Amino acid sequence: MNAVGRMAAGVAHDLNNVLFAIMGLSELLAPILPSGSKEAEYVGEIHAAGERAAKLVRQLLTIARRQPARVEIVDLNLLVGNLATFLERITGKAVNLSTRVAQSPARVKADPGQIEQVLMNLAINARDAMPEGGKLDISVDVIHLDEDEAFSQLDLQPGDYAGLGVSDTGCGMDKETLARVFEPFFTTKPPERGTGLGLTTTYGIVRQYGGAIHVYSEPGRGTTFRVYLPLTPEMEEAAKAAAAPAPQPGGTVLVVDDEEAVLRVVGAMLEEMGFAVLTATNAEAALECCHRQSPRLTLIVTDLVLPGLSGWDLATRLRRDYPHTPVLYMSGFANNMIFRDAEMGPLESYLEKPITPRALKEKVNELLGRASR
């Protein structure tokens, strides 16, 4: 699993740059094509294929536990309740789905989208294990693990945990299958029905948040997965203050990326938003551009991984002349170690490639709105 993660990390940056160009250009092209035309249909299929490829890259990065996440407090009780109707649809009428939640809040710190993915992966696997139908039970518990349970059975620290259980009455697994169930690309499904990454991704997500996953199964007697995530005592934040109005477009944005296709796509997106755009393919060219033209920069957009000076180093140098200009970092892959010594909390000023026009617009408005306060 670590080897697959390292492989994913090595190719993700370049691959996401390619996907960024494919998806970004297709999104810019779609609105100007006649609705319902063959051309619009083809562009939609190109974009959908790009999304599927991007999802595969995200799965591999999750396995490596190198996927940036938007961590917040998630109550598993609410998450299961909100997903119940959707899970009924994807498991089908032949599966009798029942849910049970804990008596007390089951709050954990995690990316809610990733925890939803864990639950859906487990539910879909359970459905596939019951082709003739059966019973699927999903439960949430708040439990205390003592030292023996935590260390010897789950490789966890003793303490309080939120437990998520998914049990089915399906075909079950033998010992040989059970021993390989979390291996990347291992699957008992035919090629057209699975890639063998669902449970591997689930394992990576759970471990990313300091949790553990345990599985028990016997042939013909069904399967039970138990997910343990550290319980957080923190209450949910109070309702956020009303968002400040979006700043008026205009001004000049410097965009730095070593991929010409990315420069074109990001530049086109920003021009659509009303900005003038300066581009550079590396940090040295960006510094030279600013030295030569002395532009009044409204925003700096830079890839984190550049030849020569990194995007972080570039921003540090530009900050001497542009101390109040916000910086938006982007990358096809970001290990949280990159941000360890950051002074500006750059994860709040970061976008993961591929970037959609909507995500870029929201982040730009957020950064400029923050800078104007």
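The values are calculated or read from the model by the stated rules, or taken from the named source; none is laboratory data. Please read these numbers as outputs of a predicted model, since none were measured by experiment. Please note: Cβ atoms are built from the backbone with ideal geometry, for glycine as well, and neighbour counts cover all protein chains shown.
Annotations
- For the stretch 127-156, taking the residues that are part of a helix (DSSP H, G or I) and among the small types (Gly, Ala, Ser), the one that is nearest to the chain's Cα centre (by Cα) is identified as 150.
- For the stretch 109-118, the set of residues classified as assigned to a helix (DSSP H, G or I), in contact with a Leu (Cβ under 7 Å, 6 or more places away or on another chain) and surrounded by 20 or more Cβ atoms within 10 Å (Cβ to Cβ) consists of 115 only.
- Out of 143, 124, one residue alone is in the same structural domain as residue 93 (by TED's automatic domain parsing) and farther than 17 Å from residue 231 by Cα. It is 124.
- Among the residues of the stretch 19-59, those identified as aliphatic (A, V, I, L, M) and within 22 Å of the chain's Cα centre (by Cα) are 19, 21, 22, 23, 25, 46, 48, 49, 53, 54, 56, 57.
- Test: residue in the stretch 189-198 that is in contact with a helix residue (DSSP H, G or I) (Cβ under 8 Å, 6 or more places away or on another chain), closer than 18 Å to residue 128 by Cα, modelled with pLDDT of 80 or more and assigned to a helix (DSSP H, G or I): no
- Selected residue (criterion: surrounded by the most Cβ atoms within 10 Å (Cβ to Cβ)) from residues of the stretch 307-325 that are touching a residue at least 12 places away in the same chain (Cβ under 8 Å) and of a type in the set (S, T, N, Q): 325
- Condition check for residue 27: closer than 19 Å to residue 262 by Cβ, assigned to a helix (DSSP H, G or I), of a type in the set (D, E, K, R) and modelled with pLDDT of 85 or more: yes
Okay, residues lined up against (1) more than 23 Å from residue 55 (Cα to Cα); (2) hydroxyl-bearing (Ser, Thr, Tyr); (3) in contact with a helix residue (DSSP H, G or I) (Cβ under 6 Å, 6 or more places away or on another chain); (4) surrounded by fewer than 19 Cβ atoms within 10 Å (Cβ to Cβ):
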| position | (1), (2), (3), (4) |
| --- | --- |
| 107 | yes, no, no, no |
| 125 | no, no, no, no |
| 132 | yes, no, no, yes |
| 142 | yes, no, no, yes |
| 146 | yes, no, no, yes |
| 158 | yes, no, yes, yes |
| 173 | yes, no, no, no |
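- Neighbours by Cβ (under 7 Å, 6+ apart or cross-chain): first from the stretch 286-306, at pLDDT below 95; second among the acidic types (Asp, Glu) and part of a helix (DSSP H, G or I): 290/321
- Sole residue being modelled with pLDDT of 90 or more and either in contact with a Gly (Cβ under 7 Å, 6 or more places away or on another chain) or surrounded by fewer than 19 Cβ atoms within 10 Å (Cβ to Cβ) (or both), chosen from 95, 80: 95
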